[in-house]
Structure formats: C-alpha cells, structure tokens
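Visitor: The structure is given below, and queries will be raised subsequently.
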Amino acid sequence: MNRLQEQPLIGESPVFLEVLERVSRVAQLNRPVLVIGERGTGKELVAARIHYLSPRWDRPFVKLNCAALAESLLETELFGHEAGSFTGATRRRLGRFELANEGSLFLDELSNTSERVQEKVLRVIEYGELERVGGNDTIKTDVRIIGATNEDLPALAEQGKFRADLLDRLAFDVITLPPLRERQEDIMPLADHFAVKMSGELGLELFEGFSDVAKDLLMDYAWPGNVRELKNVVERAVYTALGNDEAISEINFDPFESPWRPGGKADDRPADVATDLPRDAYDFKEHIQQIEISLLKDALEQCRFNQKKTAEFLGMTYHQLRGYLRKYELTDQID
Ligand SMILES: Nc1ncnc2c1ncn2[C@@H]1O[C@H](COP(=O)(O)OP(=O)(O)OP(=O)(O)O)[C@@H](O)[C@H]1O
Ligand SMILES: [Mg+2]
C-alpha cells in the first residue's frame, strides 16, 4: 500500500470528504467506474486510489491516455498485436488489457476513442474477450476498467459521438470531482502540502508559511486549472521566495505576465479605458486625471515599481514620469 502513502489525497471540505467516502465504497466493487471532473481536479489520483483500495490492489494498475495516440496505435496498445499483423510488427506484443489481467486498467481521456475501439472495449467489458490485432484467437481477460474524462459523456452519446451502450456499461458508478473553486476549505491545506514538499525538494529545512496577504490571494482566486494550477503557483512562489527567511508574500498567478509580452495585455489597455466612458455629466479635467492616475498605477504595478521600466513602458522620459508621480502624489508607491 506504499503507493497510497506516497500520493496522499489532501482535502477536508465536506464535498471532498464525501467523494473520498464514495471512492472507498466503489473500490470494493468489481465493476467499471467513471471518474469525471474538470482538468486538474485529481482524476488520475482518484483512479489510483480506487485501484489500491480494491481487492485487486496487489495486481497490475495499468494506465493509458487515449488522447495521446492515433486510432490505429491506440487499438494495438489496448489489444496488442500478432507478429506480422502490420509492417514492422516483427513480434507478438501484448496489449494493455492483457497486461492488466486481474488488475485495473485506467483509460484516461476516454471520450477520444473511435467507434471501433469503443466497440472492442465494450466486448471486453461484457464478455472479458478480445482478439489481438491481426489475430484470430480469442483471449480471455479479467480487467476492471476505470475511465476518466473531463467531457460531458452523456451529451456526446446523445450527439452520437460516443457509444451509448458502452457509456451505460462504464457508468456502473460515476464519481464526479468538484472543481477547486467549489471547495474553498481545501485550498490552504493543499497549498501548505505543496509548499512543504517543494521546500523539501529545494533543500530548505523549514517552510515559513504564507503571509495573510498571500493567503487572501490564494483563497480569492478562481483556480480554472484546479489543483494542478494551485500546485504550480505554490511551487513557483516557494522557489521565488528562496533565500528570504520569512512567510511567503508574493504570489504570481501568471508567469507570462510582462509588459513586454508579445500581443499581451499591455497592448489593449487604452481600449479598456475608452469603453469605460461615464454616461452622466462629469468634470472633464478630473476624469482625465483619474484616467492618468489609473494608467500610471497600472504601469507601475506591471513594471514592478521600477521607474525606468515604467517610463519606457509609457513612452515617456524618466523625468516626465517623476513629474506625473509628484503631481498625483504617487511617489510613495516607489520611494
Ligand atoms: N486532493 C489532492 N491532493 C493532493 N494532490 C492532488 C489532489 N488533487 C490533485 N492533486 C495533484 O494535482 C495534479 C493534477 O491531478 P490529476 O493529474 O490527478 O488531475 P486530472 O483530473 O487527471 O487532470 P487532467 O484532466 O488534466 O488529466 C497532480 O499533480 C496531483 O498529484
Ligand atoms: Mg488526468
């Protein structure tokens, strides 16, 4: 059971605990199971947990990402091939179904399979039978399938893009992982977990924790990339803070953020301001000043409060920038 301890599933929100409970229950059944959820929600970890909690735990856990291979390759990967079945097939090769015999087969990105492959998978589920590509012998296997997808399979089945009968068989039980934004209580435990791990990898003896500002930033973010994105952001934050012996206060959600990013945000800023025109009567001069202040603040932030870069960014000289900063009493932002 070492594998389980190596990769703990962190989370304490009620919805996540409920999922864990279902995982333990479904693990005991000798039936296919589907794990569904947005990108980065932990589908692969959950699939592994299902296998290692099941009676098959000491048998093989074989994985295959169905989106990573072209159709014909996917078929030979799954079902194997006989020698001479196609050019280059000099020897018989066992497919993943045979390798997973008595264990579990994790089929990731399952929605990306062709009609033909789906038909063969259905036959394995129904009768435990398959033929290798280029072979006539029927081979018996005993494999539990754990499928995963971030797509809406019932909708695909309705559109005729996924076999409804296969979906029916696969969906004996379905575990749907909630996105991270729906389980706020999990954010800090996960962040601490990844930070401690990263600190260890970097040879630090201690992780100093996150400052209150950093915690607020982490808690307020929507995490479209879910746990995977959180892991990356936290690891980057720990790495960036290397050498400061204090709580982490800087969180960078977008490593590509730069005023010099080609085609980046900086180019369309003036347009943003223009669409924000006031509808009612207003003081023209004061409004212009407000726009100037917001452009200045924005540029300073983007250039990390470096005045030389900010001046360059705004197409003005250093002295002109200093003049504006004094005029609007913004010098305290940098001095
Ligand atoms: N509850 C959790 N506790 C600890 N680590 C987690 C948890 N959930 C996800 N992770 C980590 O987040 C990353 C993404 O998880 P995983 O690969 O399982 O997601 P996924 O749903 O399969 O994503 P994708 O749809 O992109 O394939 C991995 O590094 C995984 O270890
Ligand atoms: Mg995955």
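The values are calculated or read from the model by the stated rules, or taken from the named source; none is laboratory data. Source: prediction; values computed, not measured. FYI the Cβ positions are ideal-geometry reconstructions off the backbone, even for glycines, and counts take in every protein chain you see.
Visitor: Please state which one of ALA148, ALA157, ALA67, ALA48 is crowded, with 16+ Cβ neighbours inside 10 Å, within 16 Å of ligand 2 (Cβ to nearest atom), among the hydrophobic types (A, V, I, L, M, F, W, C) and assigned to a helix (DSSP H, G or I).
Guide: ALA48
Visitor: To continue, here is another question. How many residues does the stretch 79-112 contain that are surrounded by 15 or more Cβ atoms within 10 Å (Cβ to Cβ) and on the phi > 0 side of the Ramachandran plot?
Guide: 2
Visitor: While we're looking at this one, here's another question. I need the full set of residues from the stretch 310-323 which are assigned to a helix (DSSP H, G or I) and either among the acidic types (Asp, Glu) or surrounded by fewer than 17 Cβ atoms within 10 Å (Cβ to Cβ) (or both), in order please.
Guide: GLU312, TYR318, HIS319, GLN320, ARG322, GLY323
Visitor: How many residues are out of contact with any Ser or Thr (no Cβ under 6 Å at 6 or more places or on another chain) and either in contact (Cβ under 8 Å) with a residue 24 or more places away in the chain or among the hydroxyl-bearing types (Ser, Thr, Tyr) (or both) if we restrict to the stretch 205-223?
Guide: Going through the stretch 205-223 one residue at a time, the tally reaches 10.
Visitor: Taking the condition surrounded by 16 or more Cβ atoms within 10 Å (Cβ to Cβ) and at pLDDT below 95, does LEU217 pass?
Guide: yes
Visitor: Has the stretch 113-121 got any residue that is in the same structural domain as ARG39 (by TED's automatic domain parsing), within 16 Å of ligand 2 (Cβ to nearest atom) and surrounded by 15 or more Cβ atoms within 10 Å (Cβ to Cβ)?
Guide: Checking the stretch 113-121: at least one residue is in the same structural domain as ARG39 (by TED's automatic domain parsing), within 16 Å of ligand 2 (Cβ to nearest atom) and surrounded by 15 or more Cβ atoms within 10 Å (Cβ to Cβ).
Visitor: Let me ask something else. Give the number of residues within the stretch 259-296 that are under 37 Å from the mean Cα position of the chain (by Cα), at pLDDT 80 or above and farther than 17 Å from LEU325 by Cα.
Guide: 3
Visitor: Quick check on ASP168: is it in the same structural domain as PHE16 (by TED's automatic domain parsing) and either assigned to a loop (DSSP other than H, G, I, E, B) or surrounded by fewer than 17 Cβ atoms within 10 Å (Cβ to Cβ) (or both)?
Guide: The answer is yes for ASP168.
Yes/no per residue for (1) away from ligand 2 (no atom under 16 Å from the Cβ); (2) farther than 25 Å from ASP152 by Cβ; (3) at pLDDT below 95:
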residue: GLN7; (1), (2), (3): no, yes, yes
residue: GLY11; (1), (2), (3): yes, no, no
residue: VAL23; (1), (2), (3): no, no, no
residue: GLN28; (1), (2), (3): yes, yes, no
residue: PHE61; (1), (2), (3): no, yes, no
residue: GLU82; (1), (2), (3): yes, yes, yes
residue: PHE97; (1), (2), (3): yes, yes, no
residue: LEU107; (1), (2), (3): no, no, no
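Visitor: For SER54, indicate whether it is more than 16 Å from ligand 2 (Cβ to nearest atom), touching an Asp or Glu at 6+ places or on another chain (Cβ under 9 Å) and in the same structural domain as THR141 (by TED's automatic domain parsing).
Guide: So SER54 fails the test.
Visitor: Which of the residues that make up the stretch 169-197 are within 12 Å of ligand 1 (Cβ to nearest atom) and touching a helix residue (DSSP H, G or I) at 6+ places or on another chain (Cβ under 7 Å)?
Guide: Selection gives ILE175, LEU177, PRO178, PRO179, LEU180, ARG183, ASP186, ILE187, LEU190, ALA191, PHE194.
Visitor: Restricting attention to the stretch 84-112, report how many residues are among the small types (Gly, Ala, Ser), touching a residue at least 12 places away in the same chain (Cβ under 8 Å) and either away from ligand 1 (no atom under 16 Å from the Cβ) or not assigned by TED's automatic domain parsing to the domain that holds ASN136 (or both).
Guide: Summing the residues that are among the small types (Gly, Ala, Ser), touching a residue at least 12 places away in the same chain (Cβ under 8 Å) and either away from ligand 1 (no atom under 16 Å from the Cβ) or not assigned by TED's automatic domain parsing to the domain that holds ASN136 (or both) in the stretch 84-112 gives 6.
Visitor: Could you grab me the full set of residues in the stretch 36-46 that are touching a residue at least 40 places away in the same chain (Cβ under 8 Å) and either of a type in the set (Asp, Glu) or within 8 Å of ligand 1 (Cβ to nearest atom) (or both)?
Guide: Answer for the stretch 36-46, where residues must be touching a residue at least 40 places away in the same chain (Cβ under 8 Å) and either of a type in the set (Asp, Glu) or within 8 Å of ligand 1 (Cβ to nearest atom) (or both): GLY37, GLU38, ARG39, GLY40, THR41, GLY42, LYS43, GLU44, VAL46.
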